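Chemist: Sharing a structure below in structure tokens format, with a few things to ask.
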Amino acid sequence: MISAIFKYVVHLLLFIANKTKLTYNEINIIIFYFCIPFSWLSLLDVVFGFHYFKIGFAVFLLVFRWRCRNFRAFSNWLFNKSVMFLNSFNPYGSSYIASSVWICVSLPILIYSILLYLIYR
């Protein structure tokens with residue numbers, strides 16, 4: 001089951017990369033480090049009834065875009081750091097694939113669930 005989820009996510013990211021003419025690493029970083037956190041902050045704004053989090057993150061993204069000279073190189077660097085982080089769980093009985101699914105799929109789903117619960121309670 002875990003490897004099936006991993007393969008599905010990888011294929012989805014490869015599909016998006018192919019359609020956007022970006023690399024897999026670039027799409028991975030855009031989705032997991034920019035889009036998902038932005039959506040969380042947007043949901044937090046709904047919970048608290050203001051727009052500060054998403055505006056602040058949007059400003060951060062604009063400054064990042066302006067200051068980042070080579071997004072492909074940055075994405076490769078950050079992706080490799082992410083792989084190292086996920087592999088750091090290997091001594092505890094996990095694997096890269098299992099850690100990826102738990103941290104990059106299950107944890108975001110849990111966070112979305114909590115945020116949506118806070119909105120609709």
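The values are calculated or read from the model by the stated rules, or taken from the named source; none is laboratory data. Just so you know, these numbers come straight off a predicted model, no measurement behind them. Cβ coordinates were reconstructed from backbone atoms using ideal geometry, including for glycine residues, and neighbour counts include every protein chain displayed.
Chemist: Restricting attention to helices (runs of 4 or more DSSP H) lying wholly within region 1-78, give those where 3 or more residues are among the small types (Gly, Ala, Ser).
Modeler: Ranges flagged: 2-20.
Chemist: Name every residue in region 85-98 that is part of a helix (DSSP H, G or I) and either over 14 Å from the mean Cα position of the chain (by Cα) or surrounded by fewer than 16 Cβ atoms within 10 Å (Cβ to Cβ) (or both), in order of residue number.
Modeler: 85, 87, 90, 91, 92, 96, 97, 98
Chemist: Another question, then. Return a yes/no flag: does region 49-57 have any residue that is exposed (fewer than 15 other Cβ atoms within 10 Å of the Cβ), closer than 22 Å to residue 115 by Cα and of a type in the set (Ser, Thr, Tyr).
Modeler: yes
Chemist: Can you pull out the residues in region 1-33 that are surrounded by fewer than 16 Cβ atoms within 10 Å (Cβ to Cβ) and of a type in the set (D, E, K, R)?
Modeler: Passing the criteria: 7, 19, 21.
Residue-by-condition table, conditions (1) touching a helix residue (DSSP H, G or I) at 6+ places or on another chain (Cβ under 7 Å); (2) within 23 Å of residue 110 (Cβ to Cβ):
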{"position": "39", "(1), (2)": "no, yes"}
{"position": "42", "(1), (2)": "yes, yes"}
{"position": "47", "(1), (2)": "yes, yes"}
{"position": "51", "(1), (2)": "yes, no"}
{"position": "60", "(1), (2)": "no, no"}
{"position": "67", "(1), (2)": "no, no"}
{"position": "75", "(1), (2)": "yes, no"}
{"position": "84", "(1), (2)": "no, no"}
{"position": "87", "(1), (2)": "yes, yes"}
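Chemist: Also: Which residue out of 105, 63, 10, 83 is closer than 30 Å to residue 121 by Cβ, modelled with pLDDT of 95 or more and of a type in the set (A, V, I, L, M, F, W, C)?
Modeler: Within the list 105, 63, 10, 83, the selection yields 105.
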